[in-house]
1. Among the residues of segment 11-63, what is the count of those that are open to solvent by 80 Å² or more (accessible area, probe 1.4 Å), among the β-branched types (V, I, T) and touching a residue at least 24 places away in the same chain (Cβ under 8 Å)?
2. Report those helices (runs of 4 or more DSSP H) wholly inside segment 1-44 carrying at least 2 residues which are of a type in the set (V, I, T) and closer than 14 Å to G58 by Cα.
Amino acid sequence: HRESAAITGTTPEKSFAALAGQIPLGRTVSPGEVAETVAFLLSPTASYITAQAVNVCGGLEMD
């Protein structure tokens, strides 16, 4: 966020807040949320899921 802040002339904190504000859920993802998704995909529960892209992005990207 430092590069983005330098380009826009703001602080890294404000740059990060602006990014989070673009996410429909209004916050960034936690490492635990990503890990839980990976754990699910590696579990027997997901054994019939093939060739899918899972966006853990709070709705920022809707394919």
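The values are calculated or read from the model by the stated rules, or taken from the named source; none is laboratory data. The structure presented is a predicted model; accordingly, all values stated were derived computationally and were not measured. Here the Cβ positions follow ideal geometry from the backbone for every residue, glycine too, while neighbour counts run over all protein chains shown. Areas reflect the complete protein model, heavy atoms only, side chains present, ligands, DNA and RNA absent. Shrake-Rupley method; radii C 1.70, N 1.55, O 1.52, S 1.80 Å.
1. 0
2. Once the helices (runs of 4 or more DSSP H) in segment 1-44 are filtered for at least 2 residues that are of a type in the set (V, I, T) and closer than 14 Å to G58 by Cα, what remains is 31-42.
Table: residues versus (1) modelled with pLDDT of 85 or more; (2) under 15 Å from the mean Cα position of the chain (by Cα).
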site: A5; (1), (2): no, no
site: G9; (1), (2): no, no
site: Q22; (1), (2): yes, yes
site: V29; (1), (2): yes, yes
site: G32; (1), (2): yes, yes
site: A35; (1), (2): yes, yes
site: A39; (1), (2): yes, no
site: V54; (1), (2): yes, yes
site: C57; (1), (2): yes, yes
